[in-house]
1. Please specify each residue of region A:335-348 satisfying the condition of being in a strand (DSSP E or B) and either surrounded by fewer than 16 Cβ atoms within 10 Å (Cβ to Cβ) or away from chain B (no Cβ under 14 Å) (or both).
2. Go through region A:213-229 residue by residue and tally those that are under 14 Å from residue A:202 (Cα atoms), assigned to a strand (DSSP E or B) and touching a residue at least 40 places away in the same chain (Cβ under 8 Å).
3. I'd like to check something: does region A:81-96 contain any residue that is on the phi > 0 side of the Ramachandran plot and at pLDDT 95 or above?
4. Can you pull out every residue in region B:99-116 that is within 14 Å of chain A (Cβ to nearest Cβ), outside any loop (DSSP other than H, G, I, E, B) and modelled with pLDDT of 95 or more?
5. Name the one entry in A:21, A:56 that is in the same structural domain as residue A:99 (by TED's automatic domain parsing), modelled with pLDDT of 95 or more and either under 30 Å from residue A:208 (Cβ atoms) or out of contact with any helix residue (DSSP H, G or I) (no Cβ under 8 Å at 6 or more places or on another chain) (or both).
6. I'm checking my understanding of the structure. Among residues of region A:76-101 that are touching a helix residue (DSSP H, G or I) at 6+ places or on another chain (Cβ under 9 Å) and crowded, with 22+ Cβ neighbours inside 10 Å, which one is farthest from residue A:140 (Cα to Cα)?
7. Yes or no: residue A:387 modelled with pLDDT of 95 or more, over 35 Å from the mean Cα position of the chain (by Cα) and within 16 Å of residue A:346 (Cα to Cα)?
8. Restricting attention to strands (runs of 3 or more DSSP E) lying wholly within region B:275-355, give those where 2 or more residues are under 30 Å from the mean Cα position of the chain (by Cα) and under 22 Å from residue B:240 (Cβ atoms).
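The values are calculated or read from the model by the stated rules, or taken from the named source; none is laboratory data. Here the structure is a predicted model, which is why all the values come from computation and not from measurement. Cβ coordinates were reconstructed from backbone atoms using ideal geometry, including for glycine residues, and neighbour counts include every protein chain displayed.
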């Protein structure tokens, strides 16, 4: 059996599945239930001066009948006393000494940082996570993403924390920046042992168009919140990978953002995460989702021959390339399996209206559209819209051109294949 | 025009066989729709409803828009949603059938949108600017009503003549009650007539009380949509016994009045078409213990829909295949007591010496409806062949300015066919009138 033990910057957990700092980690009682369900670690709901929250706090995007494909919240950090939180943290660690408990912190002054760090260590926390990411409410008070968006401030506060902490320190990064790399490097320069990302994305989840108020509606107003859930995963994956492949960045990553199952977790691990953190899917489905995360990951590792999590960390990073280094001479075209085609014509309308007008109606009176391979640019749109599994496949064409990139073409003048699908544009 | 029905009519015991969707169910199903381009469901609908568009509107919570998309093509879309044999039309052509996935429940989605329009009282259409032309629609059923509504939208003055009391035709008196009850059809007619300006003359029989010449002197064009005649009966020994009645007649009685079948022990329905299948299921639904379907051919030879027969079987209807009625027996009160059948071979030919007698105290004859007979006498140029009015593709008969659609033209099809033919004829009538044509004498 593969070993699922995870090591993120010296924080060891029996598996790589952590609960992110959020409502599911609001109290010791919840975290005990989560550990009983199988979670390997939990990042405590951010501790600081207790705040007062509003009603309501959450919003979800319904998309084609799917509830909460995206999610956002305007909830702030803990609204419970530090005394209660640290007492419960100690109890959790007493009951689950081998599970990872990470204390998420957000305070203002140096003295406050010193105090909450010491109290976390005293409670038995395995690590500290600095909440430099919250994009709503706290940032208006000069904390959260207000810190995370300024590399100099990030670095300075990180260095304070490091000077007070004897346990590993993770800096949680905000995605509300143009380029994540300088922010990861700032945390590293401040001495962070690792980073976790992404925090939520500043967002307005929707508008009540009957009342003309942004959602979630609080009385007669709404505010921007933090976007999360499955819909943000592509953004998170990119940011994790951007750090993982940066040659100057060399501390571990805990990946966060739209993880719903073991497959998502493998993607984050493959792009450089040593552990993954989950919130939204637990809010929607409960702690029990970890059961299949563990089972599915275990089976995947057995199938693929991985013995440890570390063997998988960053496995897809070398193949993550700049566009300019892609093989521009690689050519593929769409093939429609006539035995599988159901005649919905979605590929045809998508190609005509949204791509390169190379899929046409059947010419023999049948239901199967015809691909004009001489014009097909191999864009994949038809394969994506086709409702039948494996009906449309993108098949490589041997065009005789050697592998070569745009960058090589610019620097060495290497040959690139002729364009397809440009049609000459002979407008009347 | 009082179209009130008795509350205690026999059909009141029936519940919908196909349940209405809730909002959530409708949206979930609508979101499954693939929104095909050039979709086969549109092609397979006789009225050509733009199914993908109305379903997408439901998914996007534009229910009023969805209903209008339906009504634009089929003004009786509310009843068609319930009574159409969708399994053989739109749902049967859904592309999901090709990938072993459940087809989109188009009928139920259509019902969801059109019911919403009814409950909310949404109306979409206004009479067009007056053309000064007058058109009469003979018959108060789906074909005539669809024609009348289209013609009114085009600005013509429209009169509908119905020989009976209730409007809606077989939609009111002949639809299986587990699909739609009579009151629903009547409220649909009221909704349709809310366009205003459609003159209704009920209780008037053409050509007995009002001759074709009378109509030609008053109107510029005539649409004939008076359906088929009475149930065909049998000239066999004791076939006139009490308790032997036409199935269409029985269904109409059940839908409009409080008939009592509690004393019936054994019912037989003779026939293999859809009226027969409706009748057997309705008899079971009314509580008749023993219901037999007697048909002169075999199971695979029935013209009735296989999906309806499958339901009838699960509801406990017993078949008697290859059984052609030979004679009826009656008791002392001259009430039917049994039917003797001649057994038939695979080619529906009698097998010599083989008969079978089944006890019965109610026998419904579902062997077709009478044809038009002499109803069209006096319309020079109008031809009738095989009991059907002959028209061109647009519904024009050989008589100048006289059009036809529905059962009297097609010999007895679905409501949706009648609507399609009425609508198409109305458009042809409009062109005829706007081109200066008239049937006036």
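1. The answer is A:335, and nothing else.
2. From region A:213-229, those under 14 Å from residue A:202 (Cα atoms) are A:214-216, A:222-229; that's our starting set.
Right, trim to assigned to a strand (DSSP E or B) and you get A:214-215, A:222, A:225-228.
Then drop every residue that is not touching a residue at least 40 places away in the same chain (Cβ under 8 Å), which leaves A:215, A:225-228.
Number of matching residues: 5.
3. Of region A:81-96, the ones on the phi > 0 side of the Ramachandran plot are none.
Scanning region A:81-96, I find no residue that is on the phi > 0 side of the Ramachandran plot and at pLDDT 95 or above, so the answer is no.
4. B:109
5. Going through A:21, A:56 in turn, just one is in the same structural domain as residue A:99 (by TED's automatic domain parsing), modelled with pLDDT of 95 or more and either under 30 Å from residue A:208 (Cβ atoms) or out of contact with any helix residue (DSSP H, G or I) (no Cβ under 8 Å at 6 or more places or on another chain) (or both): A:21.
6. A:99
7. no
8. So the answer is B:290-294, B:323-330, B:336-344.
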